[in-house]
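A.B. asks: Right, I'll just put the structure down here and ask away after.
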Amino acid sequence: MDRWPVVEKDLSTLARPPVVADLDAERASFTWEAARARLDGLPGGGLNIAWEAVHRHVAAHGDRVAMRWVGKDGTVVDITTAELSRRANRFSNALGALGVSPGERVFFLLGRVPELVEGVIGTLAARCVASPLFSAFGPDPIAARITIGEGVVLVTTASLYRKKVAPIRDRLTSLRHVLIVGEGELPEGTTSFAEVMSAAPDTFEVPPTDPEDMALLHFTSGTTGKPKGAVHVHQAVVHHAASGRFALDLQEGDVYWCTADPGWVTGTSYGIVSPLVNGVTLLFYEAEFDAETWYRTLQEQRVNVWYTAPTAVRMMMKAGAELARRYALPDLRFVASVGEPLNPEGVMWGIEAFGLPIHDNWWQTETGGIVIANLACMPIRPGSMGRPLPGIDAAVVRREEDGRVTPITDPDEQGELALVVGWPSMMRAYLHEEARYAKCFAEGTDGRRWYLSGDVAKVDADGYFWFVGRSDDVIKTSGHLIGPFEVESVLMEHPGVAEVGVIGKPDPVAMEVIKAFVALKPGYEPGEAMRRELLGLARKHLGAVVAPKEIDFLPSLPKTRSGKILRRLLKARELGLPEGDLSTLEPEPVR
Ligand code: ATP
Ligand code: MG
């Protein structure tokens with residue numbers, strides 16, 4: 001993908017200079033102790049995410065808008081830091097009144113409404129564990145997660161409860177309380193959120209919290225199989241704070257919009273915690289994707305920093321850059337993306353549409369925060385995930401026969417992406433799955449202990465990381481190891497291609513042959529002519545061995561609810577194999 005020109009930037013034109021002026025210098029001087037020292041710590045000792053995010057700011061910045069909620073109908077509600085703190089305090093007290101003890105799990109099944117943020121902060125302050133679920137989940141995925149997490153409280157709405165929870169309520173044996181947000185009649189066996197809140201005092205003293213106390217339980221996206229419940233601790237806030245500044249360029253006073261749903265780790269780490277800790281106004285936007293209303297929101301809310309995902313970028317590309325250019329966005333300074341590889345086409349499209357490249361970054365539920373990123377100060381190599389943040393040691397590694405791993409030093413040689421253990425937001429467990437957790441770590445032949453990500457990548461001579469694919473998705477064909485991302489990125493260059501997923505299909509001669517599934521933009525016809533065009537493009541850029549042998553057209557590709565293309569499902573359907581865990585599958589659009 002190095003045929004794409006490097007995107008150089010003129011930093012002098014930015015309204016605010018980037019937090020990091022030089023990544024190498026920042027890496028050299030960075031220590032986690034210094035990052036921790038930027039936070040306050042609890043007055044009574046220890047470290048608590050809620051204190052760092054909200055309560056500590058009240059004395060000096062109580063009237064700062066902590067959260068601006070934009071409702072589906074366009075209603076805008078500003079909530080100051082002091083107000084958010086009081087509401088969170090009420091929730092902390094309400095949990096106490098309900099007999100919920102520190103360490104117990106509080107689940108949230110809500111859309112993007114202010115009660116979610118208040119509830120998560122209140123839960124963390126009370127030293128209980130917050131676990132937000134995606135509100136579009138059906139009854140079975142909800143039951144599975146609350147059961148794994150032994151949820152004692154569920155906060156939801158009456159309609160979500162009736163549709164999704166009532167049918168499974170008798171299976172949720174750990175659940176003691178259901179709190180209903182919103183007006184209307186309470187379903188049987190539930191309590192009004194508003195009532196418990198108004199009965200609770202609005203002052204609360206955050207108890208001493210051990211930085212290693214469990215704080216958040218997040219389930220993985222389920223792209224490769226059954227979702228895992230990753231456990232994160234209060235100490236993670238050190239990383240949430242630092243990485244928000246480094247990778248998202250969050251600066252005090254910014255207006256920041258993270259489009260991820262809090263049901264996924266991005267929506268909590270960077271949708272709630274990181275902006276609040278860094279004194280940034282978080283825009284909490286209730287509605288789902290619609291290109292036009294998104295652009296209008298960026299304009300009207302004068303968003304400075306925007307964090308979104310490749311799936312949204314692809315949808316915006318489908319709607320055309322022309323539409324984006326109708327909106328003037330002079331306040332927008334930095335745009336970033338996470339969740340899937342961002343094709344070079346997507347990076348460059350940002351320039352066409354907003355005058356700003358899109359900065360890809362890489363992390364996982366397990367890493368708890370961004371670890372590899374394209375920083376505001378860095379030239380972008382389109383298609384690369386960027387470089388490791390200060391405090392992060394990353395490499396691609398080779399597994400040895402004795403089970404240890406060796407960092408690969410040859411540039412461009414592929415290996416498993418791995419991180420040296422020790423950053424604060426690293427998961428502390430997969431809940432109730434010790435063996436699966438233990439498999440994520442290995443001793444290095446260099447004497448260090450490594451976390452193994454399950455993704456395959458390579459590192460170029462300048463230290464930029466390039467995603468190749470998930471280990472499960474990497475294709476072995478005619479003696480070559482090929483990552484789907486490279487093939488997909490070339491097909492994405494065709495103006496008619498909206499989405500593409502590439503798999504390996506077993507073949508007696510070549511081991512595997514490459515097959516591509518393509519969804520076209522409106523106005524383009526699937527058929528033999530299009531297939532020939534795409535094959536021609538692929539052969540030209542990839543050569544005959546790496547170009548797909550087969551191309552199928554689909555109206556859209558199967559995706560997880562967090563927007564990731566499910567290659568394993570494309571493959572299972574192609575081969576007539578069992579479809580596996582589909583609890584996070586996004587329903588396919590009705591046509
Ligand atoms: P599961 O672990 O349940 O299969 P998942 O891996 O999709 O699901 P997440 O933790 O939400 O669950 O996603 C992390 C994964 O997403 C990464 O391991 C990687 O495969 C992919 N990913 C995230 N960001 C990027 C990126 N910038 N480039 C390429 N891949 C990315
Ligand atoms: Mg994963």
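The values are calculated or read from the model by the stated rules, or taken from the named source; none is laboratory data. Keep in mind it's a predicted model, so treat the numbers as computed, not measured. For neighbour counting, all protein chains shown are included, and Cβ atoms are generated from backbone atoms with ideal geometry for every residue, glycine included. We work out accessible area using only protein heavy atoms, side chains counted, and drop any ligands, DNA or RNA first. Shrake-Rupley method; radii C 1.70, N 1.55, O 1.52, S 1.80 Å.
A.B. asks: Tell me which residues, restricted to the stretch 429-464, are within 30 Å of residue 213 (Cβ to Cβ) and either crowded, with 17+ Cβ neighbours inside 10 Å or in contact with a Pro (Cβ under 8 Å, 6 or more places away or on another chain) (or both).
C.D. replies: 429, 430, 431, 437, 440, 442, 444, 450, 451, 452, 453, 455 - these are the residues of the stretch 429-464 that are within 30 Å of residue 213 (Cβ to Cβ) and either crowded, with 17+ Cβ neighbours inside 10 Å or in contact with a Pro (Cβ under 8 Å, 6 or more places away or on another chain) (or both).
A.B. asks: I'd like to check something: does the stretch 98-114 contain any residue that is crowded, with 24+ Cβ neighbours inside 10 Å and more than 30 Å from residue 559 (Cβ to Cβ)?
C.D. replies: The answer is no, given that none of the residues of the stretch 98-114 is crowded, with 24+ Cβ neighbours inside 10 Å and more than 30 Å from residue 559 (Cβ to Cβ).
A.B. asks: To continue, here is another question. Can you go through 557, 520, 570, 566 and tell me which one is within 16 Å of ligand 2 (Cβ to nearest atom), at negative phi and open to solvent by less than 30 Å² (accessible area, probe 1.4 Å)?
C.D. replies: Result of the check over 557, 520, 570, 566: 566.
Residue by residue, here is whether (1) in contact with a Ser or Thr (Cβ under 8 Å, 6 or more places away or on another chain); (2) of a type in the set (Ser, Thr, Tyr); (3) at positive phi holds:
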site	(1), (2), (3)
218	yes, no, no
242	no, no, no
248	yes, no, no
252	no, no, no
259	yes, yes, no
263	yes, no, no
271	no, no, no
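A.B. asks: Give the residue, chosen from 212, 185, that is more than 16 Å from ligand 1 (Cβ to nearest atom), open to solvent by 40 Å² or more (accessible area, probe 1.4 Å), assigned to a loop (DSSP other than H, G, I, E, B) and without any contact (Cβ under 8 Å) to a residue 40 or more places away in the chain.
C.D. replies: Going through 212, 185 in turn, the sole match is 185.
A.B. asks: Being assigned to a loop (DSSP other than H, G, I, E, B) and of a type in the set (Gly, Ala, Ser), is that true of even one residue in the stretch 519-531?
C.D. replies: The answer is yes; a qualifying residue exists.
A.B. asks: Please go through the stretch 232-264 and give me each residue that is open to solvent by 10 Å² or more (accessible area, probe 1.4 Å) and either charged (D, E, K, R) or within 16 Å of ligand 2 (Cβ to nearest atom) (or both), ordered by number.
C.D. replies: Those that are open to solvent by 10 Å² or more (accessible area, probe 1.4 Å) and either charged (D, E, K, R) or within 16 Å of ligand 2 (Cβ to nearest atom) (or both): 245, 252, 260, 261, 264.
A.B. asks: In the stretch 305-315, how many are touching a Ser or Thr at 6+ places or on another chain (Cβ under 9 Å) and either more than 16 Å from ligand 1 (Cβ to nearest atom) or not aliphatic (A, V, I, L, M) (or both)?
C.D. replies: Qualifying residue count, the stretch 305-315: 5.
A.B. asks: Determine whether residue 580 is open to solvent by 20 Å² or more (accessible area, probe 1.4 Å), under 25 Å from residue 135 (Cα atoms) and not assigned by TED's automatic domain parsing to the domain that holds residue 223.
C.D. replies: Judged against the criteria, residue 580 is a match.
A.B. asks: Let me ask you something else. Spot the failing condition for residue 44; the list is (1) within 23 Å of residue 424 (Cβ to Cβ); (2) crowded, with 18+ Cβ neighbours inside 10 Å, and only one is missed.
C.D. replies: (2)
A.B. asks: May I pose another question? Among (1) open to solvent by less than 60 Å² (accessible area, probe 1.4 Å); (2) not in a loop (DSSP other than H, G, I, E, B), there is one condition residue 540 misses while meeting the rest; what is its number?
C.D. replies: Here residue 540 clears every test but (1).
A.B. asks: If residue 366 meets every condition in (1) crowded, with 24+ Cβ neighbours inside 10 Å; (2) within 16 Å of ligand 1 (Cβ to nearest atom) apart from one, which number is that one?
C.D. replies: Here residue 366 meets the rest and fails (1).
A.B. asks: Quick check: is even one residue across the stretch 527-544 hydrophobic (A, V, I, L, M, F, W, C), touching an Asp or Glu at 6+ places or on another chain (Cβ under 8 Å) and touching a residue at least 40 places away in the same chain (Cβ under 8 Å)?
C.D. replies: Within the stretch 527-544 (the criterion being hydrophobic (A, V, I, L, M, F, W, C), touching an Asp or Glu at 6+ places or on another chain (Cβ under 8 Å) and touching a residue at least 40 places away in the same chain (Cβ under 8 Å)), the answer is yes, since at least one residue qualifies.
A.B. asks: Within the stretch 480-497, is even one residue of a type in the set (Gly, Ala, Ser) and at pLDDT 95 or above?
C.D. replies: For the stretch 480-497, residues of a type in the set (Gly, Ala, Ser) and at pLDDT 95 or above: present.
A.B. asks: Of the residues 174, 269, which is of a type outside the set (Lys, Arg), within 16 Å of ligand 2 (Cβ to nearest atom) and at pLDDT 95 or above?
C.D. replies: 269
A.B. asks: I'm trying to understand the selection: among the residues of the stretch 116-172, which are surrounded by 24 or more Cβ atoms within 10 Å (Cβ to Cβ) and among the polar types (S, T, N, Q)?
C.D. replies: Across the stretch 116-172, the qualifying residues are 123, 131, 156.
A.B. asks: Could you tell me which residue of the stretch 313-334 is most open to solvent (accessible area, probe 1.4 Å), considering only residues that are basic (Lys, Arg) and within 14 Å of residue 355 (Cβ to Cβ)?
C.D. replies: Residue satisfying both the conditions and the ranking: 326.
A.B. asks: Follow-up question, since we're still on this one. Which members of the stretch 195-217 meet the condition of being of a type in the set (S, T, N, Q) and within 28 Å of the chain's Cα centre (by Cα)?
C.D. replies: Correct list: 209 only.
A.B. asks: Further question on the same structure: Residue 485 - would you say it is among the aromatic types (Phe, Trp, Tyr), assigned to a strand (DSSP E or B) and either under 23 Å from the mean Cα position of the chain (by Cα) or not assigned by TED's automatic domain parsing to the domain that holds residue 568 (or both)?
C.D. replies: No; evaluated as a whole, the condition is false for this residue.
A.B. asks: Mind listing whichever residues of the stretch 451-467 are part of a strand (DSSP E or B) and either away from ligand 2 (no atom under 15 Å from the Cβ) or touching a helix residue (DSSP H, G or I) at 6+ places or on another chain (Cβ under 6 Å) (or both)?
C.D. replies: Correct list: 454, 456, 458, 459, 465, 466, 467.
A.B. asks: If you check residue 66 against the conditions, is it under 28 Å from residue 289 (Cα atoms) and within 26 Å of the chain's Cα centre (by Cα)?
C.D. replies: Taking the combined requirement at face value, the residue satisfies it.
A.B. asks: Residues that are farther than 18 Å from residue 239 by Cα: which helices (runs of 4 or more DSSP H) entirely in the stretch 1-110 hold 1 or more of them?
C.D. replies: The helices (runs of 4 or more DSSP H) meeting that bar are 23-29, 58-61, 81-97.
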